[in-house]
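Chemist: Below is one structure. I have some questions about it.
The values are calculated or read from the model by the stated rules, or taken from the named source; none is laboratory data. From a predicted model like this one, the values you see are computed outputs, not experimental measurements. So basically every Cβ, Gly included, is an ideal-geometry build from the backbone, and we count neighbours across all protein chains shown. Side chains included, ligands, DNA and RNA excluded: accessible areas come from the protein's heavy atoms. Shrake-Rupley method; radii C 1.70, N 1.55, O 1.52, S 1.80 Å.
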Amino acid sequence: MTSEAEISLLKKKRRKLEKRIDEQESFIRNFTQLLEEGEDNLARVQPYLALDE
């Protein structure tokens, strides 16, 4: 049988892991958005880059 202290510790660890997962998912969303914006910007300037060649 699991003691109340063990259950409490496991719940605390779970909350900490869930928070970490949320932070990592947020980072991935933000990074993906930056990549997409970078691709859009590159597509806009690429015709002008071709003029320099």
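Chemist: Ranked by accessible surface with a 1.4 Å probe, highest first, in what order do L10, L51, L42 come?
Modeler: Per-residue accessible area, sorted high to low, gives L51, L10, L42.
Chemist: Per residue, how much accessible area does the chain have with a 1.4 Å probe, in Å²?
Modeler: Solvent-accessible surface per residue comes out at 104 Å².
Chemist: For the chain, what does -39500 (n - 2.57) per DSSP helix run (n ≥ 4), summed and divided by total residues, give at 222 nm, in deg cm²/dmol to the nearest 500?
Modeler: About -34500 deg cm²/dmol.
Chemist: Between E23 and L51, what is the label-to-label distance in nm when each label sits 7 Å out along the Cα-to-Cβ direction?
Modeler: Once both label points are built, they end up 4.6 nm from each other.
Chemist: Turning to a different aspect of this structure: Just name one of S26, S8, A50: the one whose Cα is farthest towards the positive end of the charge dipole of the chain (beta-carbon charges, Lys/Arg +1, Asp/Glu -1).
Modeler: Farthest along the dipole direction, towards plus: S8.
Chemist: Given the protein chains as shown and a 1.4 Å probe, how many square angstrom of I21 are accessible, to the nearest 10?
Modeler: 90 Å²
Chemist: Oh, and also: Above 16 Å lies some portion of the pair distances; for the chain, what is it as a whole percent of all C-alpha pairs?
Modeler: The share of Cα pairs beyond 16 Å in the chain comes to 66 percent.
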